[in-house]
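Peer 1: Handing you a structure now.
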Amino acid sequence: MLAAGCGPPVLYDYAKEKDPRDNTYLIDQADHLRVSVWRMPELSADVIVRPDGAITLPLLGDVHAAGLTTAALQERVALLLPRYIKDGSADVTVTVLEPNGYRYAVVGNVERGGVFVSRYHVTVAEAVALAGGLNRYAAPRRMLILRADGKRKFRRIPIDFTRVRSGEHPDENLILAPGDFVVVR
């Protein structure tokens, strides 16, 4: 009787969702990087990853960076440099100065939906708060996250926001992965 009108209980294994904080950071579009070549400041640069995923470095020109770890980009640049330097050795360091690739969207019945960029990981509750909260038309028990599973395929993760707000089920207050869509019906 208590469940009448509340809708069916959410039956989803939230534990199977990987925590994005456990993944190695991958360079993404709009990230601000510093590429330093030891003892060669003329080959070092602060760059922003372009929408095509590339950066432009002195002498080397365009180098693809998006989707790589900082270590992989360091290795790629170090392999390209011997073409241009005499001693053949170069110590390269890549630092992420501003991680601008962590984007997610909140759409539907919130006060200020849109695409958000964050420098830290955000939970569902934080994302809703940053979007100004639910509006009066929201159905908080019928929220969902659309999460990319691969190329053009999305997995639907149901969220009962009333349970998230109450603290009854903290497992539903998932950490958003880059590219997630929070849909508030």
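Peer 1: For region 13-49, what are the residues that are among the basic types (Lys, Arg) and either under 18 Å from His64 (Cβ atoms) or buried (at least 16 other Cβ atoms within 10 Å of the Cβ) (or both)?
Peer 2: Here is the first cut: in region 13-49, the ones among the basic types (Lys, Arg) are 16, 18, 21, 34, 39.
Listed by number, the list holds a single entry, Arg34.
Peer 1: Let me ask you something else. Quick one: how many residues across region 69-100 are in a loop (DSSP other than H, G, I, E, B), farther than 16 Å from Thr56 by Cα and touching a residue at least 12 places away in the same chain (Cβ under 8 Å)?
Peer 2: From region 69-100, those in a loop (DSSP other than H, G, I, E, B) are 69, 84-91, 99-100; that's our starting set.
From the residues that got through so far, the ones that are farther than 16 Å from Thr56 by Cα too are 69, 85-91, 99-100.
Still in the running and touching a residue at least 12 places away in the same chain (Cβ under 8 Å): 69, 85, 90-91, 99-100.
Count: 6.
Peer 1: I would also like to ask the following. If Arg163 satisfies every condition in (1) touching a strand residue (DSSP E or B) at 6+ places or on another chain (Cβ under 6 Å); (2) buried (at least 17 other Cβ atoms within 10 Å of the Cβ); (3) of a type in the set (Lys, Arg) but one, which is the exception?
Peer 2: (1)
Peer 1: I need the full set of residues from region 102-112 which are surrounded by fewer than 19 Cβ atoms within 10 Å (Cβ to Cβ) and either under 30 Å from Val47 (Cα atoms) or charged (D, E, K, R) (or both), in order please.
Peer 2: Within region 102-112, Arg103, Ala105, Glu111, Arg112 meet the criteria.
Peer 1: Moving on. What strands (runs of 3 or more DSSP E) completely inside region 101-185 contain at least 2 residues that are in contact with a Leu (Cβ under 6 Å, 6 or more places away or on another chain) and under 22 Å from Lys16 (Cα atoms)? Working first, answer last.
Peer 2: Numbers: elements: 103-108, 114-117, 143-150, 153-159, 181-184.
Because the criterion is at least 2 residues that are in contact with a Leu (Cβ under 6 Å, 6 or more places away or on another chain) and under 22 Å from Lys16 (Cα atoms), the strands (runs of 3 or more DSSP E) in region 101-185 that meet it are 153-159, 181-184.
Peer 1: Under 6 Å between Cβ atoms, at least 6 apart or on separate chains: pull out the pairs that start in region 171-184 with a residue that is open to solvent by 40 Å² or more (accessible area, probe 1.4 Å) and end on any residue that is part of a strand (DSSP E or B) and hydroxyl-bearing (Ser, Thr, Tyr).
Peer 2: Asn173/Thr123
Peer 1: Another question about this same structure. Please count how many residues of region 118-148 are surrounded by fewer than 16 Cβ atoms within 10 Å (Cβ to Cβ) and either over 14 Å from the mean Cα position of the chain (by Cα) or aliphatic (A, V, I, L, M) (or both). Spell out how you get there, then give the answer.
Peer 2: So in region 118-148, the residues surrounded by fewer than 16 Cβ atoms within 10 Å (Cβ to Cβ) come out as 119-121, 123, 129, 132-133, 135-137, 139, 148.
From the residues that got through so far, the ones that are either over 14 Å from the mean Cα position of the chain (by Cα) or aliphatic (A, V, I, L, M) (or both) too are 129, 132-133, 135-137, 139, 148.
The qualifying residues number 8.
Peer 1: Hey, another quick one. Could you please give the count of residues in region 160-172 that are over 13 Å from Arg141 (Cα atoms) and touching a helix residue (DSSP H, G or I) at 6+ places or on another chain (Cβ under 9 Å)?
Peer 2: Adding up the residues that qualify gives 3.
Peer 1: Which residues, taken from region 79-117, are small (Gly, Ala, Ser) and under 22 Å from the mean Cα position of the chain (by Cα)?
Peer 2: Gly101, Ala105, Gly108, Gly113, Gly114
Peer 1: Show the residue pairs that are 6+ apart or on different chains and have beta-carbon atoms under 8 Å apart, the first residue being within region 14-27 and of a type outside the set (A, V, I, L, M), the second being open to solvent by less than 40 Å² (accessible area, probe 1.4 Å) and in a helix (DSSP H, G or I).
Peer 2: Tyr14/Glu172
Peer 1: Within region 55-66, work out how many residues are in contact (Cβ under 8 Å) with a residue 12 or more places away in the chain, farther than 14 Å from Val94 by Cα and open to solvent by less than 50 Å² (accessible area, probe 1.4 Å).
Peer 2: Residues that pass the stated criteria total 2.
The values are calculated or read from the model by the stated rules, or taken from the named source; none is laboratory data. Computed from a predicted model, the values in this text were never measured in an experiment. No Cβ is skipped: glycine too gets one built from the backbone with ideal geometry, and neighbour counts run over all protein chains shown. For the accessible areas, the whole protein counts, side chains as well, though only heavy atoms, and no ligand, DNA or RNA atoms are used. Shrake-Rupley method; radii C 1.70, N 1.55, O 1.52, S 1.80 Å.
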